[in-house]
Structure formats: structure tokens, C-alpha cells
Amino acid sequence: MSEKQGKLVVISGPSGAGKTSVCRALKQNPNVEFSVSATTRSVREGEQDGIDYHFLTREDFARRMEENQFLEFATYNGNLYGTPRWPMDAALARGKTFLVEIEVAGTRQLRERAVLGFYLFIAPPSIEELRRRLVHRATNEAEEIDQRVRIAEDEIKAARTEVAGAPLYDTIVENIVLEDTIKEVEGLLWP
Ligand code: 5GP
């Protein structure tokens, strides 16, 4: 076991802000481990069970909730998402940086329980640019894009709120050019 306790890094951001691309870059670092969330949403093309998510039925998810298996959980766009508790403890004990990619309500649960970590929100330059990126991505139906834009507006507002007198996120980074954003985030995590 490493003598040094690792560091939890929580990353949030609306769908289309570039959060997943930033996380993909951070995962290249051999000292970074990351959480595979559980979800009740259906599998998207190209996704693999156990790698992108643990895809669960509602019943299975509910059972695990009752068994207190999740560090946090939240509903997003009608589906449940949760972070399994044990991989984080194991990674931190080994001195790793543990990356958790979750939405705002889940982040709030962690903050309310004073879970130590670096909390980062990746924001789009504007709502218009976010919509453009979601349309360009073309993995969503038009109706779903509208829904995601609405959720994004709420998330951006919620990201600027406080928990117990302190900001919910330590930093909000605007992702204009992805390469610059990655460098900025790496500089924040590993100064
Ligand atoms: P998507 O369906 O696009 O993969 O994810 C939808 C949203 O759920 C994203 O904002 C993503 O970060 C968030 N999410 C993914 N896993 C978790 C989780 O374990 N907990 C919470 N609270 N949010 C999650």
C-alpha cells in the first residue's frame, strides 16, 4: 500500500461541454483510476457493459441502493446513475488519483457529506455553442437535444451555487478549445 492517500477528482459538466473528452485525456495518466458508474439507461452504440457503465435494471439498481452500495446517486433525464463505493476507497488507499464523472446533484451529495476532493465543472462557452455541439454529435434525437439543453441550463445555474457557505465546485473551466482546456485542467490537478 502507498503511504500517501490518493486524491478524489470530481468532474461535472453538461452533456456536450467536453467533459468526457477531458476525462479521456486525464485517464492517459497511469496514476489515474476512474469510476465506472452504474446506470439504468439503455446502452448507446459503441458502449460496453462494465467498461463505459454497469448497465442495470431498475430492480437491480434499487437493490444496490438499499444495500448502500453507492457513494452517491441521482436521476438524470429519467434514468438512475450511481457511483459504486468500493473502487474509490481502494484506489485512494493505493495513492491514486480517482476520477469520478458525475452530474451536479450527485456532486452536491458528496459536498454535503464533506467528501474531500477537487471538484471541477466543465462549462460550454455558451448555450448556443452547446446546442451546436450536440447537433453535430448526432447521437441524440432532436427532442433529446432540446431536453439536454434544458438540463444543461439548469446544471450551469446549479454549478454556481454553494453548499454550507462554500462553492459547490472549486473551479469552473470554460471549454473553448479542447487542447487548452485539457492543459488547464492538468495544471489545476497536478500543479
Ligand atoms: P450519459 O447518459 O450522457 O452518459 O450521462 C448523463 C449524465 O449522468 C452525465 O452528466 C454524467 O456525468 C452523469 N453521470 C454518469 N455517471 C454518474 C453517476 O454515477 N452519478 C451521477 N450523479 N451522475 C452520473
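The values are calculated or read from the model by the stated rules, or taken from the named source; none is laboratory data. Being a predicted model, the structure only gives us computed values, none of them experimental. Counting neighbours? That spans all protein chains shown, and the Cβs are built from the backbone with ideal geometry, glycine included. Heavy atoms of the whole protein, side chains included, go into the accessibility calculation; ligands, DNA and RNA do not. Shrake-Rupley method; radii C 1.70, N 1.55, O 1.52, S 1.80 Å.
Taking the helices alone, the chain has a mean residue ellipticity at 222 nm of -12000 deg cm²/dmol, built from -39,500 (n - 2.57) per DSSP H run of at least 4 residues and averaged over all its residues.
What longest region of the chain stays clear of trypsin sites (Lys or Arg not before Pro) that DSSP places outside H, G, I, E and B and that have at most 11 other Cβ atoms within 10 Å? With trypsin sites (Lys or Arg not before Pro) excluded where exposed in loops, the chain gives 114-191 as its longest stretch.
Solvent-accessible area of Leu178, all protein chains in place: 50 Å² (probe radius 1.4 Å, heavy atoms, ligands and nucleic acids excluded). Maximal additional length on extending the Glu128-Glu174 stretch stands at 15.2 nm, based on 0.36 nm per residue less the C-alpha distance.
Rounded to the nearest whole Å², what accessible area per residue is found for segment 7-189 with the 1.4 Å probe?
Values: 9450 Å² over 183 residues.
That works out to 52 Å² per residue.
Is the shape of segment 57-103 best called rounded, prolate or oblate, per the rule: a/c under 1.5 gives rounded, else a/b larger than b/c gives prolate, else oblate, with a ≥ b ≥ c the square roots of the Cα gyration tensor eigenvalues? Verdict is oblate for segment 57-103. Model label sites at Lys27 and Ala62, defined 7 Å from Cα along the beta-carbon direction, differ in position by 3.1 nm. Sorting Ile151, Ile11, Ile51 on solvent-accessible area from highest to lowest, probe radius 1.4 Å, gives Ile51, Ile151, Ile11.
Backbone N atoms of segment 77-106 closer than 12 Å to the 7 Å Cα→Cβ label point of Thr161 belong to residues 104-106.
Taken about its Cα centre, the chain carries a charge dipole of about 340 debye when Lys and Arg each add +1 at the Cβ and Asp and Glu each add -1 at the Cβ. Number of Lys-Lys pairs in the chain with C-alpha atoms under 19 Å apart and a separation of 8 or more places or on different chains: 10.
Quick check on the chain: what does the Kirkwood estimate of hydrodynamic radius come out to from the alpha carbon pairs, in Å?
Working: mean 1/r = 0.0580 Å⁻¹.
For the chain, inverting the mean 1/r across all distinct Cα pairs yields 17.2 Å.
How many percent of the accessible area of segment 93-191 is carbon or sulfur, using a 1.4 Å probe?
Values: 2910 of 5430 Å².
Ligands and nucleic acids excluded, carbon and sulfur reach 54 percent.
Once you have a ≥ b ≥ c as the square roots of the Cα gyration tensor eigenvalues for segment 26-124, tell me rounded if a/c is under 1.5, and otherwise prolate or oblate according to whether a/b is larger than b/c. Judged from the Cα gyration tensor, segment 26-124 comes out rounded (a/c under 1.5).
A Förster radius of 25 Å, combined with the Cβ-Cβ distance separating Gln147 from Gln69, puts the computed FRET efficiency at roughly 0.30. So, in Å, what gap is there between the alpha-carbon centers of segment 135-163 and segment 28-57? One Cα centre to the other: 20 Å. Here the simple spin-label model places points 7 Å from the Cα toward Cβ, and for Lys183 and Trp86 these points are separated by 4.2 nm. For the chain, the share of DSSP beta bridges that are antiparallel, to the nearest 5, is 35%.
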